[in-house]
Amino acid sequence: MERCDVAGQALRRVLVRIHPARAVVIAFGVTVVIGATLLALPVSSADGTTTDLVTSLFTSTSAVCVTGLVVVDTGEHWSGFGQAVILGLIQVGGFGIMALASLLALLIAGKLRLRMTLTAQAETKSQGIGEVRRVLKRIALVTLVVEAVVATALTLRLLLGHGKSLTWSAYHGVFHSVSAFNNAGFSLNADSLEGYAGDPWVTLPVAVAVILGGLGFPVIIELLRHRARQRATARTSWSLHLKLTLATTALLLTAGTLLTLVLEWSNGGTLGPLHTGEKVINAFFHSSMSRTAGFNAVDIGEMEQATLLGTCVLMFIGGGSAGTAGGIKVTTFAVLGAAILAEVRGEPSSGIFHRRLAPHVLRQALTVALLGVGLVMCSTIALLTLVEDRFEAVLFEAVSAFGTVGLSTGLTGDLPPAGEAIIIVLMFVGRLGPITLASSLALRERSRRFQHPEERPIIG
């Protein structure tokens with residue numbers, strides 16, 4: 001018994017020492033391996049055969065990292081069990097990373113006690129654990145409510161508007177609702193949602209779920225808290241993070257909609273054949289999906305090069321922090337924009353919404369953005385050496401993987417094993433990289449007792 005107690009204490013000491021960011025990476029890596037193992041089983045495939053390791057690993061990574069890129073058709077290749085595994089991985093990847101990322105964000109912001117760690121090694125009776133549980137309960141409640149409402153709306157529409165059976169409608173409604181809210185982009189249809197391009201009762205609920213999931217739980221929880229208090233002046237007490245996320249999200253959604261609408265208006269392969277109202281809705285839908293969701297209602301491969309490039313920008317930026325979206329995050333983009341504006345104006349410091357930004361926040365944002373650019377560029381160069389395709393298509397695929405979007409021009413299914421391995425790494429790093437990097441930079445911040453002499457090199 002004494003040996004067991006000693007071993008248990010040693011294990012707890014080791015777990016407590018694990019950096020929260022490292023714990024997130026380990027947890028996701030283990031989940032990906034477990035998912036790949038389950039998907040490789042004969043029971044997971046529709047024809048009862050064993051799925052090769054690369055395909056299973058690719059699909060598991062895409063599901064856990066809520067990306068949506070696939071190398072086999074989800075509705076045809078996988079059995080009901082395999083699809084259930086994928087749905088479970090999506091839910092675990094979405095809810096798990098949201099919970100961990102939210103706790104990291106709260107820890108860094110000083111709203112949670114430092115003794116509460118992401119490895120759940122705190123004493124069960126401590127007040128800190130009570131705070132963790134309340135946050136997790138709120139996340140679980142929001143997830144359940146949004147997914148249930150969207151699933152119900154989709155089920156009713158498929159049942160009443162498209163003449164599908166109740167079982168088929170409910171199954172597809174639940175699957176696409178979970179996939180949408182977690183920004184995964186997995187679809188049971190071979191053409192994603194192209195068959196519903198003219199049906200706003202399908203596309204709009206999916207878009208709403210994607211946008212809500214992409215805002216991030218710190219934003220959703222704060223909005224619910226303010227609404228519960230019913231303050232007449234609640235907006236004035238909004239945090240800077242909330243204001244930045246909502247304002248930048250609205251700006252990017254509007255810009256993406258207008259860009260898609262203008263560039264694809266007369267394109268016969270995308271928006272051209274649709275009526276005016278359908279064009280507007282589908283342009284908005286594409287802009288929403290570019291925020292790391294991955295569903296498509298029009299053929300991405302038929303889009304204009306300018307639209308693909310604009311979509312790459314949206315995918316790279318991504319959605320809100322501590323949510324289901326990927327990318328460098330809208331707050332990172334907003335902070336960099338504020339810094340550029342301050343420099344153009346000749347101001348000594350940058351600020352947003354009458355708040356001055358700390359210098360270390362700008363450094364963190366710049367680090368995350370530049371490392372993301374470097375990773376995408378290196379991966380694109382590597383992919384170009386493996387495949388013979390258009391540069392914009394290869395770049396689009398790399399950005400989609402890094403941003404955990406899932407949109408594709410059709411290149412993913414034709415990649416060689418080495419190319420699939422690159423995409424796997426991009427999805428994993430893209431999902432965990434910005435979160436772990438930002439938290440590591442914040443938690444490792446330290447003061448310096450001396451300053452080097454200042455000098456200004458020539459810029460530009």
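A compact table of results
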| read-out | value |
| --- | --- |
| Selected residue (only one of G195, G173 is without any contact (Cβ under 8 Å) to a residue 40 or more places away in the chain, of a type outside the set (F, W, Y) and open to solvent by 30 Å² or more (accessible area, probe 1.4 Å)) | G195 |
| Residue match in segment 278-287 (condition: free of Cβ contacts under 8 Å to residues at least 12 places away in the same chain, over 29 Å from R431 (Cβ atoms) and in a helix (DSSP H, G or I)) | no |
| One residue from R363, R355 being under 22 Å from T249 (Cβ atoms), open to solvent by 40 Å² or more (accessible area, probe 1.4 Å) and of a type in the set (D, E, K, R) | R355 |
| Conditions (1) open to solvent by less than 40 Å² (accessible area, probe 1.4 Å); (2) at positive phi; (3) not aromatic (F, W, Y); number of the one not met by G346 | (1) |
| So L69, is it over 23 Å from V429 (Cβ atoms) and at pLDDT 90 or above | no |
| Output for segment 27-75, where each listed residue is touching a strand residue (DSSP E or B) at 6+ places or on another chain (Cβ under 8 Å) and either assigned to a loop (DSSP other than H, G, I, E, B) or open to solvent by 60 Å² or more (accessible area, probe 1.4 Å) (or both) | A46, T51, V72 |
| Whichever residue in segment 366-384 is within 21 Å of Q305 (Cα to Cα) and hydroxyl-bearing (S, T, Y) and, among such residues, is surrounded by the fewest Cβ atoms within 10 Å (Cβ to Cβ) | T380 |
| Where a residue in segment 374-393 is under 26 Å from E302 (Cβ atoms) and its partner, wherever it lies, is open to solvent by 90 Å² or more (accessible area, probe 1.4 Å) and among the aliphatic types (A, V, I, L, M), with Cβ under 8 Å and at least six apart | E392/L309 |
| Set R390, R444: member being of a type in the set (K, R), at pLDDT 75 or above and either open to solvent by 50 Å² or more (accessible area, probe 1.4 Å) or at positive phi (or both) | R390 |
| Any chance I281 is open to solvent by 20 Å² or more (accessible area, probe 1.4 Å), touching a Pro at 6+ places or on another chain (Cβ under 7 Å) and under 29 Å from F217 (Cβ atoms) | yes |
| From the options G301, G294, residue that is at pLDDT below 95, over 28 Å from L223 (Cβ atoms) and among the small types (G, A, S) | G301 |
| Condition broken by I328, with the remaining ones in (1) modelled with pLDDT of 95 or more; (2) open to solvent by less than 40 Å² (accessible area, probe 1.4 Å) satisfied | (1) |
| A306 vs. criteria in a helix (DSSP H, G or I) and open to solvent by less than 30 Å² (accessible area, probe 1.4 Å) | no |
| Per-region count, segment 154-170, residues in a loop (DSSP other than H, G, I, E, B) and crowded, with 17+ Cβ neighbours inside 10 Å | 1 |
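The values are calculated or read from the model by the stated rules, or taken from the named source; none is laboratory data. Since the structure is predicted, the reported quantities are computational estimates derived from the model, not experimental observations. Cβ sites come from the backbone with ideal geometry, for glycine too, and all protein chains shown count toward neighbours. Note: accessible area is taken over every heavy atom of the protein model, side chains too, but ligands, DNA and RNA are not part of it. Shrake-Rupley method; radii C 1.70, N 1.55, O 1.52, S 1.80 Å.
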